[in-house]
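Reading through the C-alpha cells given below for one structure.
The values are calculated or read from the model by the stated rules, or taken from the named source; none is laboratory data. Just so we're clear, the structure is a prediction, and the values are computed from it rather than from any experiment. Heads up, the Cβs are rebuilt from the backbone with ideal geometry, glycines too, and the neighbour counts pull from every protein chain shown.
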C-alpha cells in the first residue's frame, strides 16, 4: 500500500501524463523537474509554504510550551482545563476552517471585536480572509489555535517526568527560577519538544485541508501553498499528473532534508542529556 503508489508516482514524475486524457504516459526524463525548478511561480509556492511553516510551528512551540508550564502545577480543575484545551486538535480541519471563516467575517464575526474593532463597517474592519497581507496570518492563527495543544501535551509529559530532586538541589544551591529553567527544565524537555516540532513541521509542509477550507489558496495566490497547488495541478484544470508527481517528490526531498536536521539535533540533545 505504501511502495506501489510511491513507485508509480515516481515513474509518472518522469513522464507527460494526465489521468483523464486516456493516453499512455510519455517518457520525458527530467523535463518536469527542470520546468518546476526553473519557474519563479513554483518557487513562490515553496516560499509561501516555508513562511507558513516557520510562523505556525514557531508560534505553536511558544504557546504550547507556555501552556505546559502553566498546567504543570496541580490545581483545582486542572484535569478539566487540560481536556478543554485539547479539544481543538480533535476536530476535523475542514470543520475548523468553516467555522473560523464565520469567526473572521468582518461584519458578523467575533474575531475583530476581540482585538478591538467594534465597528461592523467592512471598510474599516480588517479583512482577514480577503486581504493578501492578512490571509496567511489568519491561517497561521487558526493552525496555532488547533495544534498548540499537541505541543503542550508532549511538553507536559516531559515536564512531569523531571525528577523533583533536581529542583531541590538547585534550590539548595540558591539557583534562581530563571537559571532553573535554562539548566533543568529546558534541557529535560528539549527531546520531546523537538519531536513535537518535527511532527508539526512535516504537517505544515503538507497542510491542505485547513487552507482549502479557509481561503482555497486565495486571495489570488497569497495562501497557495505547495499542497494546494498540487491539488489544483493534479485534480483540476489539465490534470497534469506527471508534473504534479514531480512537484510532490520535490516536497518529499525537502521534508526528508528538514527531518534529517531535526533528527540529528534530537540525537545530539539526547546525548547531552
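See the values below:
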{"read-out": "Every residue from the range 95-135 that is within 10 Å of residue 214 (Cβ to Cβ) and either modelled with pLDDT under 85 or touching a helix residue (DSSP H, G or I) at 6+ places or on another chain (Cβ under 7 Å) (or both)", "value": "96, 97, 98, 100, 101, 104, 128, 129"}
{"read-out": "Which numbered condition residue 189 misses (of (1) closer than 30 Å to residue 23 by Cβ; (2) buried (at least 21 other Cβ atoms within 10 Å of the Cβ))", "value": "(1)"}
{"read-out": "Lone qualifier among 140, 151, 144 - being touching a residue at least 40 places away in the same chain (Cβ under 8 Å) and within 21 Å of residue 269 (Cα to Cα)", "value": "151"}
{"read-out": "Residue match in the range 211-222 (condition: surrounded by fewer than 16 Cβ atoms within 10 Å (Cβ to Cβ), touching a residue at least 12 places away in the same chain (Cβ under 8 Å) and closer than 30 Å to residue 23 by Cβ)", "value": "yes"}
